[in-house]
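Before I ask anything, let me first share the structure, which is written out below as structure tokens.
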Amino acid sequence: MTSNDTLQLATFAGGCFWCMVKPFDELPGIVSVVSGYTGGHTENPTYEEVGSEATGHREAVQIVYDPKLFPYERLLDIYWQLIDPTDDGGQFMDRGHSYAPAVFVQNEEQRKQAELSKERLKASKRFKAPIVTPILPAEPFYPAEAEHQQYYRTHPLDYKLYQKGSGRDDFTALHWNSREDKKRLRGRLTELQYEVTQNKGDEPAYQNAYWDHFEEGLYTDVISGDPLFSSADKFDSGTGWPSFTGPVEEGMIRREADYSGGQVRTVLRSRLSGAYLGYLTFDGPEPAKQHYHIYSAALQFVPKAELEDRGLGRYLGLFSTS
């Protein structure tokens, strides 16, 4: 449960706010993501006024979130992967101060975390040019017009064309899925884990870790540790692979249409790591009949007794109390 007493604000400018909503939306603990304007001197500015570069405002998103469910540090991790932190003249094809990136911090603790996160990014040497994204005190935030809210939902085709045409996707792929990233990941995973999660590889039926494993606990992303599935939702599908009726958090799973191999399937990925997990069919138990066909190599099991120590104690309610 999320209490209003625990909720906090996070404000990020990262170029066109249309592209800054979807990456945060529907994650655990994220209550809302609002597009708007901040950092300028004009009260209640309009989209046209901000675009004129006369208000001092930047396009931004303001996130209401529960830090116990999704900490600020992870919001920052997502943010850096959405922007070009070496560009203070705009973002991608959008130029001007209104499109310049910035982290607007609400308090001293956020400032410390943002500065530390920025220093880690610098130390990673992921970018050759200097990191110039400023960390600034939060200022009044003005929600944008209704037509700009949840744009990825209300204008899906326009959004996809804009997202692709802006150069964001290509920039992210270049800087956050580099040869060095792949090398580090290979060092952490077994050959099978890497092949499954990164190349949509297969694993032998009935010869994998969890196909007949029914101990109480959570199945997490083998790369990120994010909770994905619960033993309470596991069933014996007779396929020789782990099968679940649904995830523990819908927002942690991404569905994709896959047309490879001469068949149409709904592929499942872990949303934040991008790891391939398996695919979705509708031959599972009634009433929903959902069958999340998942590969063991993409998972790591955390027993019920270890959930608290692993920071996953909020999921203990999924299991029996005995």
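For segment 1-109, list log₁₀ I(q)/I(0) at each q in 0.12, 0.19, 0.20, 0.24 Å⁻¹, using the Debye formula over Cα point scatterers of equal strength and ignoring solvent, two decimals each.
Normalising to I(0) and taking log10 leaves -0.40, -0.94, -1.02, -1.31.
Note down the relative contact order for segment 1-151 as a percent, whole number, built from C-alpha pairs under 8 angstrom at least six residues apart.
Numbers: 300 pairs, mean separation 49.2, N = 151.
Taking the mean separation of contacting Cα pairs over the length of segment 1-151, I get 33 percent.
Hey, what number do you get for the chain at 222 nm if only DSSP H runs of n ≥ 4 count, each worth -39500 (n - 2.57), divided across all residues, to the nearest 500? Please list the in-between numbers first.
Working: 8 runs with 74 residues, N = 322.
Result for the chain: -6500 deg cm²/dmol, rounded to the nearest 500.
With all distinct Cα pairs included, what does the Kirkwood hydrodynamic radius of segment 239-322 come out to in Å, to one decimal, could you say? Don't skip to the answer; put the middle values down first.
Details: mean 1/r = 0.0693 Å⁻¹.
Roughly 14.4 Å, rounded to one decimal.
With the contact rule set at Cα under 8 Å and sequence spacing of 6 or more, what percent relative contact order holds for segment 236-322? Let's see the in-between values first.
Details: 117 pairs, mean separation 20.0, N = 87.
It rounds to 23 percent for segment 236-322.
Describe numerically, in nm with one decimal, the distance between label points set 7 Å from Cα along Cα→Cβ at ARG310 and at GLN81.
Each label point lies 7 Å from its Cα, and together they span 2.0 nm.
Quote the charge dipole size of the chain about the Cα centre in Debye, to the nearest 20; the model charges only the Cβ of Lys and Arg (+1) and of Asp and Glu (-1).
Values: 34 positive and 47 negative charges, 200 e Å.
Value, rounded to 20: 960 debye.
Starting from the Kirkwood radius over alpha-carbon pairs of segment 66-113, derive D by Stokes-Einstein at 25 °C in a medium of 0.890 mPa s and give it in µm² s⁻¹.
On the way: Rh = 12.1 Å.
Estimated via Stokes-Einstein, D reaches 203 µm²/s.
Could you state the orientation-averaged shadow area of the convex hull built on the Cα atoms of segment 64-143, in nm² to one decimal?
6.0 nm²
In a Gaussian network model over the chain where Cα atoms closer than 10 Å are linked, find which of PRO28, PRO134, PRO303 has the largest mean-square fluctuation.
Top of the fluctuation ranking is PRO303.
In the chain, carbon and sulfur make up what percent of the accessible area (probe 1.4 Å)?
Numbers: 8060 of 15900 Å².
On the chain, the fraction of accessible area on carbon and sulfur atoms equals 51 percent.
Before anything else, pin down the relative contact order of the chain: Cα pairs under 8 Å, at least 6 apart, normalised by residue count, whole percent.
Values: 603 pairs, mean separation 46.3, N = 322.
Normalised by residue count, the contact order of the chain is 14 percent.
Set Lys and Arg Cβ to +1 and Asp and Glu Cβ to -1, take the dipole of segment 193-322 about its Cα centre, and tell me which of PRO227, TYR279, HIS213 lies farthest positive.
Result: TYR279.
Answer with one residue from PRO67, VAL132, LEU157: the one whose Cα lies farthest towards the positive end of the charge dipole of segment 54-163, charges on Cβ with Lys, Arg +1 and Asp, Glu -1.
VAL132
Using 30 Å as the Cα-Cα cut-off, could you pick out the over-long pairs in LYS112/LYS200; LYS122/LYS164; LYS112/LYS304; LYS183/LYS289; LYS68/LYS164; LYS122/LYS183? Present the calculation step by step, with values, prior to reporting the outcome.
Working: LYS112/LYS200 39 Å; LYS122/LYS164 27 Å; LYS112/LYS304 34 Å; LYS183/LYS289 39 Å; LYS68/LYS164 33 Å; LYS122/LYS183 20 Å.
Table pairs above 30 Å Cα-Cα are LYS112/LYS200; LYS112/LYS304; LYS183/LYS289; LYS68/LYS164.
May I pose another question? Could you work out the Kirkwood radius for segment 136-270, taking every pair of different alpha carbons, averaging 1/r and inverting it, reported in Å? Don't skip to the end; give the middle numbers.
On the way: mean 1/r = 0.0537 Å⁻¹.
Evaluated on segment 136-270, it is 18.6 Å.
Here are a few candidate values for P(r) over Cα pairs in 10 Å bins from 0, in percent: (1) 6, 29, 39, 23, 2, 0; (2) 6, 24, 30, 18, 9, 7, 4, 2, 0; (3) 5, 23, 31, 24, 13, 3, 0. Which one was actually calculated from the structure I just gave you?
(3)
For segment 151-277, give the magnitude of the charge dipole about the Cα centre (Cβ charges: +1 Lys/Arg, -1 Asp/Glu; no others), in debye to the nearest 20.
Details: 17 positive and 20 negative charges, 141 e Å.
Dipole magnitude for segment 151-277 comes out near 680 debye.
Give the accessible surface of the chain per residue, rounded to a whole number of Å², with probe radius 1.4 Å and ligands, DNA and RNA excluded.
Details: 15900 Å² over 322 residues.
Spelled out: the 1.4 Å probe surface of the chain, per residue, equals 49 Å².
I would also like to ask the following. Give the percent of DSSP beta bridges with both residues in the chain that are antiparallel, rounded to the nearest 5. Display every interim value, and only then the final one.
Details: 46 of 49 bridges.
Of all bridge pairs located within the chain, approximately 95 percent are antiparallel.
Compute the FRET efficiency between THR266 and ALA173 as 1/(1 + (r/R0)^6), taking r as their Cβ-Cβ distance and R0 = 30 Å, and round to the nearest 0.05. Let's see the in-between values first.
Values: r = 23 Å, r/R0 = 0.75.
About 0.85, to the nearest 0.05.
When you take every Cα atom in segment 139-183, what is the radius of gyration, and what is Dmax, the widest Cα pair distance, in Å?
Cα only, segment 139-183: 15.4, 44 Å (Rg, Dmax).
With only alpha-carbon pairs counted, each pair once and no self-pairs, how large is the Kirkwood hydrodynamic radius of segment 121-195 in angstroms?
On the way: mean 1/r = 0.0607 Å⁻¹.
It is 16.5 Å.
The values are calculated or read from the model by the stated rules, or taken from the named source; none is laboratory data. Bear in mind the structure is a predicted one, so any value in this text is a computation, not a measurement. Because the Cβ atoms are built from the backbone with ideal geometry, glycine has one as well, and the counts that use them run over all protein chains shown. Just so you know, the surface numbers come from the protein's heavy atoms only, side chains and all, with ligands and any DNA or RNA stripped out. Shrake-Rupley method; radii C 1.70, N 1.55, O 1.52, S 1.80 Å.
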